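**Student:** Sending over a structure as structure tokens; questions will come in a sec.
What follows draws every value from the coordinates through simple rules; no lab data is involved. Computed from a predicted model, the values in this text were never measured in an experiment. Cβ: placed from backbone, ideal geometry, glycine included. Neighbour counts: every protein chain shown.
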Amino acid sequence: MIDSHCHLEMPEFDSDLKDVLARMSENGVTHAVSIGSLAQNERIEKTIGIAGLHDNIYTTLGVHPKSPYKDLEGISELFGKYYSKNKKKIVAVGEIGLDYFLPGISKEDFEKIKIKQKELFKFQLRLASANRLPVIVHVRDAYEDAVDILKEYVKNPDGFFGGVIHCFSSAERGIADEFLKMGFFISFSGNITYKKNDGLRAVLREIPDEKILIETDSPYLAPQSFRGKRNEPSYVRFVLEAAAGEKGVEREKLDYLTVQNTVNLFSLEGVGGFYPAVAYKIRNSVYVNLTNKCTNRCTFCPKYQGGKTNFCVKGYNLELKKEPSAGEVVSSVFRYYNFNEIVFCGLGEPTLRIEILKEAAKAVKNIVGGIKVRLDTDGLANAVYGRNIAAELEGLIDSVSISLNAQNSALYNSICGPQLNGKGIDAYASVLEFVKESKKHIKNVAVTAIDLPDVDIAYIEELAKNLGVDFKLRHYNDVG
Ligand code: SF4
Ligand SMILES: [Zn+2]
């Protein structure tokens with residue numbers, strides 16, 4: 001288990017932090033993310049100090065919507081000062097957000113505070129993008145405004161590096177759906193154990209397991225059996241237990257999956273047996289990210305937009321810290337359950353790691369006979385290796401989706417920017433050859449094209465028909 005959100009620097013832990021951390025380990029909570037408050041220097045120093053002393057504690061930087069702060073510039077400065085020295089330990093910007101729970105305040109002041117909070121929230125969201133970090137979002141009594149702001153944010157040109165709505169507490173399914181659609185994870189705390197929270201539990205049951213995180217928010221929000229007492233990270237086990245019970249999933253399965261979700265969101269390295277950005281699940285498919293290397297330099301690639309490199313897909317940051325081995329792929333894939341297809345895809349060309357691809361495909365098929373394996377490729381593997389890779393994939397890959405993207409070589413070169421061309425290879429011809437070879441060795445073959453100007457979709461569709469393969473139209477800017 002990982003407690004994805006706690007506040008270990010709070011005075012409540014001053015006298016016995018050592019025991020608190022020992023109880024974490026005794027109860028199988030291997031790691032915790034202790035939120036760092038940028039509002040006060042001494043608090044952030046203390047948090048960073050705790051994280052620095054303990055390998056299994058990570059931290060974050062952010063100003064809570066209700067915390068005092070000098071000015072936005074000051075936040076930026078403090079952020080830069082601490083982040084530059086602690087990059088390995090600071091895994092997110094947070095907690096930031098909106099908190100409209102302001103009892104007893106005049107209407108006039110309420111409106112003023114709302115404006116201030118929104119300004120602070122947006123500013124810190126920009127800080128997250130600029131530093132390629134995910135965000136931890138706190139929302140209380142302000143879901144509508146938060147949804148509006150985040151909808152804009154996830155489209156920002158500097159990238160959205162994922163995020164979590166922490167301590168989710170709305171009983172409205174529609175609100176959770178809005179966040180999920182944007183690619184956010186949803187984190188649940190001890191409040192799912194509270195008797196009155198049937199509505200929240202109903203929402204929890206509906207959230208896909210691969211989008212859930214668990215947390216304590218300690219020292220606050222102790223689970224039902226400790227209500228009113230100090231909460232601590234080891235109690236995250238009660239949150240896990242309650243969530244697994246609600247969802248009718250084995251506790252151990254949900255444990256592994258919530259750890260993998262947390263590792264993926266915060267790109268955590270060194271959590272035993274879990275590897276960030278290697279596998280992620282969308283609907284009923286588990287996607288595998290073998291490499292960030294590419295044979296092409298496509299103009300439409302979400303990875304290279306506006307002169308920047310951006311590895312974000314649907315709230316996942318697919319920038320690999322290290323290319324995974326076949327064993328790491330297999331263990332990452334099977335942290336998930338309830339899926340019917342494995343897709344080698346990612347923001348890179350999987351066939352550039354052909355031996356690992358073959359080994360991993362073989363292994364997953366050995367583990368679950370009949371599991372469907374798909375490959376999304378640029379179709380240049382034969383050109384890269386100078387041998388017939390399509391034939392080598394027979395029996396390992398059930399479906400292949402090949403990006404053809406153009407009706408002739410010249411257009412292909414201008415859209416896809418193949419890096420092989422200097423070597424005297426006609427990339428487009430080679431892709432077509434790969435399509436034909438795939439037809440001989442792989443059950444389902446499709447070619448794809450994106451609806452870009454100059455691309456003659458009708459022609460490519462006809463070409464696919466003549467080659468006896470399927471055609472799939474893709475839309476610009478729609479990844480995953
Ligand atoms: S092959 Fe895919 S990942 Fe590579 S540049 Fe083209 S679109 Fe991007
Ligand atoms: Zn908190």
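**Student:** Between segment 225-255 and segment 275-319, what is the C-alpha centre distance in whole Å?
**Tutor:** Value for the Cα centre distance between the two parts: 32 Å.
**Student:** Provide, as a two-decimal number, the C-alpha radius of gyration of segment 2-266 over 2.2 N^0.38 Å, N being how many residues it has.
**Tutor:** That works out to 0.95 for segment 2-266.
**Student:** Could you tell me what % of all Cα pairs in segment 279-474 have separations over 27 Å?
**Tutor:** Looking at segment 279-474, the distances longer than 27 Å represent 26 percent of pairs.
**Student:** Out of all DSSP beta bridges in the chain, what portion is antiparallel? Express it as a percent rounded to 5.
**Tutor:** 15
**Student:** Considering only Gln260, Gly273, Val286, whose Cα is most displaced toward the positive end of the charge dipole of segment 252-305, charges sitting on Cβ of Lys, Arg (+1) and Asp, Glu (-1)?
**Tutor:** Value: Val286.
**Student:** Under the rule of at least 5 residues apart or a separate chain, name every residue whose amide H is placed under 5 Å from the amide H of Tyr304.
**Tutor:** Residues meeting the criterion, in which the H sits 1.01 Å from N, are Asn310.
**Student:** Oh, and also: So if I place +1 on the C-beta of Lys and Arg and -1 on the C-beta of Asp and Glu, and nothing else carries charge, what would the dipole magnitude of segment 106-148 be about its Cα centre? I want it in debye, nearest 20.
**Tutor:** Approximately 260 debye in magnitude.
**Student:** So, one more: So what is the relative contact order for segment 2-266, in percent, with contacts set as C-alpha pairs under 8 Å and at least six apart?
**Tutor:** Relative contact order, segment 2-266: 19 percent.
**Student:** Given Lys321/Lys358; Lys195/Lys314; Lys195/Lys281; Lys196/Lys229; Lys88/Lys151, which pairs have Cα atoms separated by over 26 Å?
**Tutor:** Lys195/Lys314; Lys195/Lys281; Lys88/Lys151
**Student:** Same structure again: Quick one: work out the % antiparallel among DSSP beta bridges in segment 279-474, nearest 5.
**Tutor:** 25
**Student:** A follow-up question, please. Per-residue counts of other Cβ atoms within 10 Å, averaged by peptide: what ranking do you get for 68-79, 3-14, highest first?
**Tutor:** 3-14, 68-79
**Student:** Would you mind computing, in nm to one decimal, how far apart the modelled labels at Lys151 and Ala391 are, each placed 7 Å from Cα along Cα→Cβ?
**Tutor:** For the pair Lys151/Ala391, the computed spacing is 5.4 nm.
**Student:** Then there's this: Segment 32-86 to segment 353-416: how many Å between their Cα centroids?
**Tutor:** Cα centroid of segment 32-86 versus Cα centroid of segment 353-416: 45 Å apart.
**Student:** Please give, to one decimal in nm, the separation of the simple spin-label points placed at Asp470 and Lys293, each 7 Å out from Cα toward the Cβ.
**Tutor:** 3.0
**Student:** Would you mind calculating the gained length between Ser414 and Asp14 on full extension (0.36 nm times residue separation, minus the Cα-Cα distance), in nm to one decimal?
**Tutor:** Gain on extension, Ser414 to Asp14, equals 137.8 nm.
**Student:** Now, a different point. Enumerate the lysines that Lys362 could reach by cross-link, defined here as Cα to Cα under 19 Å, with residues fewer than 8 away along the same chain left out.
**Tutor:** Lys372, Lys443
**Student:** Taking Cα atoms of the chain, Rg/Rh with Kirkwood Rh, to two decimals?
**Tutor:** So for the chain, dividing Rg by the Kirkwood Rh gives 1.01.
**Student:** Among Met1, Met182, what is the fewest-to-most ranking by other Cβ atoms within 10 Å?
**Tutor:** Met182, Met1
**Student:** Fewest first, what order do Thr193, Thr299 take by the number of other Cβ atoms within 10 Å?
**Tutor:** With the sparsest Cβ surroundings first, the list reads Thr299, Thr193.
**Student:** Starting from the 7 Å offset along Cα-to-Cβ, what nm value, one decimal, do you get for the label separation of Val368 and Asp451?
**Tutor:** Between Val368 and Asp451, the simple spin-label model gives 3.2 nm.
**Student:** Within a Cβ distance under 13 Å of Phe184, other residues only, what is the Lys/Arg minus Asp/Glu net charge?
**Tutor:** Result for the local shell: +1.
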